[in-house]
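These notes concern the structure reproduced below.
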Amino acid sequence: MEVKPVKKETLTEQIMNQLAEQITSGELKPGERLPDERSLAEMFGVTRSRIREALRALSLIGLLDIRPGGGSFVSEQSAQIPKETILWSYHREISDYENLYDARKLIEGTVYLSCFDRRTDEVVDTLQDYAELLFSLDTNKVSAERFSSLIDEIDTYVGAHCGNGIYDKLMQTMIVLRHESALQILSTPASKESAVLWRVKVLKSFAQDDRSRVVSNVDGFFANSISQLTTE
């Protein structure tokens, strides 16, 4: 008899499932505005970061439209979008973190290099500010959720300034897909310190006119991340 391994759903996936079911069933209508993040967090009994993660994922598969400063709305096209889209299936089927990190290295590395090639003084200054913020963190006190949220913010900025809309969307997709593995890696102060070291190296390299240094630091970051994950 052939069976598939039973997989435990994460909190984010459970939230996605419930919201997607209400959208695809028509309970939530196209154009309808969802409650704000704080209200949804209270309704589901989870943190706002979990809600934000689920909303971002549903936006990427086309079920929601997120309007900065305006909230999240059911997409007008949601009735025509099957629940089992490629991204949805991929999000639910991740079980091999090494494969995930291979994909991350390819996509995120490409996005960072594209941003480096198109960097402006403003982008360089902003990334140096982020590097200083990371370096100032007390890794003994900052939570994995807060640390991961800051990394997401940095990568979202890099994606938005890479000069390629498709790369930007791919970066947003990887931010959603990597969430659970990132929290697993960042569960100890030592792992956060290591992540800070490599992230700061990557960000600082934007201030230098040496593309190969960016490549080297990105490679080092991912080599360190996968080693942290496989030794857990």
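Readers should treat all values here as calculations from the given coordinates under stated rules, not as data from a laboratory. Bear in mind that the values here come from a model prediction, so they are computed numbers and not experimental data. Every residue, glycine among them, receives a Cβ derived from its backbone with ideal geometry; neighbour counts consider all protein chains shown.
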Roughly how big is region 11-80's charge dipole about its Cα centre, with Cβ charges of +1 (Lys, Arg) and -1 (Asp, Glu), in debye to the nearest 20? 220
Where the centroid of each part is defined by its Cα atoms, how far is region 120-169 from region 4-72 in Å? 24
Which of the three applies to region 126-204, rounded, prolate or oblate, going by the alpha-carbon gyration tensor with a ≥ b ≥ c and a/c under 1.5 meaning rounded? oblate
To the nearest 20 debye, region 96-230 has a Cα-centred charge dipole, built from +1 on Lys and Arg Cβ and -1 on Asp and Glu Cβ, of 180
Among LYS141, LYS169, LYS105, LYS192, which comes first, then next, by fewest other beta-carbon atoms within 10 Å? LYS141, LYS169, LYS105, LYS192
